[in-house]
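Working notes, beginning with the structure itself.
The values are calculated or read from the model by the stated rules, or taken from the named source; none is laboratory data. All values derive from a computational prediction rather than experimental measurement. Neighbour counts run over all protein chains shown; Cβ positions are idealised from the backbone, glycine included. Areas reflect the complete protein model, heavy atoms only, side chains present, ligands, DNA and RNA absent. Shrake-Rupley method; radii C 1.70, N 1.55, O 1.52, S 1.80 Å.
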Amino acid sequence: MCGIFGIFDHKDAANLTYLGLHALQHRGQESAGISCTDGETMRTHREMGLVSDIFNAQVLSGLPGRSAIGHVRYSTSGSSNIDNAQPLMVEYARGHLAMAHNGNLTNAMIVKNELQNYGSIFQSSSDTEVIIHLIALSHEGSTVERLISSMKRVEGSYSIATLTNSELIALRDPLGFRPLSLGKLKNSYVVSSETCAFDLIGAKYIREIDPGEVLLINNDGLTSIKPFKEAPLRHCIFEFIYFARPDSYMFGKTVYSVRKALGRQLARETAVKADMVIPIPDSGISAALGYSQETGVPFELGLIRNHYVGRTFIEPRESIRHFGVKLKLNALRDIVKGKRIVVIDDSIVRATTGRKIIKMLRQYGAKEVHFRVSSPPTTHPCFYGIDTPSRSQLIASSHTVEEINKYLGSDSLQYLTVESMQKALGRGEYTYCDACFSGSYPSRFPWGMELEQMELFAKGEK
Ligand code: AMP
């Protein structure tokens, strides 16, 4: 769960990267950073926290230069501390190099062990650092060749922006797990995890960077290289379901339209007599609209969200604590009282949010509460960059829908099935990774090995 942004040859490189990261803030709120080069020197500023708290005019003026990359992080591999914040920047035999990575390298542990046996000293527990060591040790000539040979050693998911003093290199893994798009702001190329960042800075969307494509951007323009063996596409379906911003365009579709189509499909398969449809904000809004439009059941905002509850929010004194979900969400009494309600959310992880919401709706007088989920039961963890808890914490991995319904306290509970989700995505070839729902991982690794993998990168936690 990370967002990356890059811009080549623009007088406001650091400022535009700051804006790009702001648009990508939903992809990671733990840390943020920008690396910027003036052609001779590269500087990086990284901190824990939100983009708007980290960067101000003074910090940005300390990042001079015409090319920059940026990163927002939410850790999936490696612990949450400043050493793992990105971009990772190094100075090696060929000069400065900075890297911003979205994804998870599934064989990073193995490669890291090999490198350490060879003498490499790691500074962080981030899987991204493995790539930097491989680049530094490569015998290839140019940076792009070194990067390509390094990427041939690693497996898993990666959308990457790399900056040197003279070039910006953007690439995507051959299966295309994570999004990455190319845009243009006047004469300057920009790359971003999501197109919503282009809209903010006024850049024109050009196209997606192809899965397995390496884009070299330098003073000669744009060079596209396809060095990897073609593989069946496996775009992350959870980007559509929950993770990406609704106003972004990725994998050939607008996220908002996909969410609405999922809501419509849910309505076709699981409709129930009701007075209103209410979303769990913000994640359930688009699907609830689709559900409402398909059934004709009115859409209402029965739950109101407080947007200012951050990760660092501290609840006061023990005696007045345990506000639970009410800190973030409150129900509208007058709207829900005496009503038969369909509550829509995009997914259930541990089911703690839904349980508290249903309790609150009942306390406020709702007559019936039917829970509908615009994705299938989340039964398996993700090893490709989405932060899901271990299998044991995913309620659907060990409970039936009926058991979850009982736990939630809802009158009924229904999900989409994997097949109906596939149907909602439209005709044509199915090009998605839905391992979190189906357990069918696009790469093979023995069970247990992944867990070890995750733990290795959590070592050194501070
Ligand atoms: P839970 O209470 O654990 O069932 O969480 C369900 C809520 O978490 C839903 O509203 C989802 O939109 C949201 N959610 C789903 N996946 C994730 C994730 N990987 N990280 C953070 N929130 C998530």
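Quick notes on this structure:
- Check: the chain dipole with +1 on Lys, Arg Cβ and -1 on Asp, Glu Cβ, in debye: 1440
- Along each principal axis, taking the top coordinate minus the bottom one, the Cα set of the chain gives 70, 48, 48 Å in descending order.
- Angle of helix 108-118 to the longest C-alpha principal axis of the chain, folded into 0 to 90 degrees and rounded to 10: 30°.
- Full-extension gain in nm, SER61 to VAL272, via 0.36 nm per residue minus C-alpha separation: 70.2 nm
- Solvent-accessible area, 1.4 Å probe, carbon plus sulfur percent, for segment 212-263: 50
- Per residue, the Cα convex hull of segment 233-392 amounts to 139 Å³.
- Computed from label points 7 Å out along Cα-Cβ, the spacing between HIS307 and GLN363 is 2.6 nm.
- Here the extension length gained between GLU114 and ARG207 equals 29.8 nm, from 0.36 nm per residue of separation less the Cα-Cα distance.
- Measuring r between the beta carbons of ARG427 and GLN123 and using R0 = 51 Å, the FRET efficiency lands at 0.60.
- Computed log10 I(q)/I(0) for segment 1-99 at 0.17, 0.24, 0.25 Å⁻¹: -0.65, -1.24, -1.32, from the Debye equation with unit scatterers placed on every C-alpha and solvent omitted.
- Gain in span if fully extended, VAL349 to ASP12, counting 0.36 nm per residue against the direct Cα distance: 117.2 nm
- Amide N proximity, segment 197-237 versus ASN187 label position 7 Å along Cα-to-Cβ, cut-off under 18 Å: 203-204, 217-223
- Calculated FRET value between ARG391 and SER80, using beta carbons and R₀ = 25 Å, to 0.05: 0.70
- Here is how the number arises for the chain: DSSP H runs of 4 or more residues each give -39500 (n - 2.57), the sum is divided by the residue count, and the result at 222 nm is -8000 deg cm²/dmol.
- Pair SER142, GLU40: separation of 7 Å Cα→Cβ label points (nm): 2.5
- Lysines whose Cα lies under 29 Å from that of LYS260, excluding same-chain neighbours fewer than 8 positions away: LYS204, LYS273, LYS326, LYS328, LYS337, LYS339, LYS356, LYS359, LYS367, LYS406, LYS423
- On Cα atoms only, tilt of 449-458 relative to the major axis of the chain in degrees: 70
- Label-to-label distance, nm, for residues given as ASP334 and LYS152 (7 Å Cα→Cβ offset): 6.8
- Each listed q (0.16, 0.18, 0.31 Å⁻¹) maps to a log10 I(q)/I(0) for segment 244-289, found by the Debye formula over equal Cα scatterers with no solvent: -0.45, -0.56, -1.15.
- Average accessible surface for the chain: 43 Å² per residue, computed with a 1.4 Å probe over protein heavy atoms with every protein chain in place.
- Pair-distance distribution P(r) for segment 93-134, from all Cα-Cα distances in 10 Å bins starting at 0: 26, 56, 18 percent.
- The angle separating the long axis of helix 128-137 from the principal Cα axis of greatest extent in the chain is about 20 degrees.
- Convex hull volume of the Cα atoms of segment 323-446, normalised per residue: 126 Å³.
- For segment 191-284, the Cα-based Rg and Dmax, in that order, read 17.9, 62 Å.
- Filtered trypsin sites (Lys or Arg not before Pro), segment 136-195: DSSP coil and at most 10 other beta carbons within 10 Å: LYS186
- Of the GluC sites (Glu not before Pro) in segment 200-276, the ones in a loop by DSSP (not H, G, I, E or B) with at most 13 other beta carbons within 10 Å are GLU230.
- The P(r) of segment 2-232 has a tail past 29 Å containing 17 percent of all C-alpha pairs.
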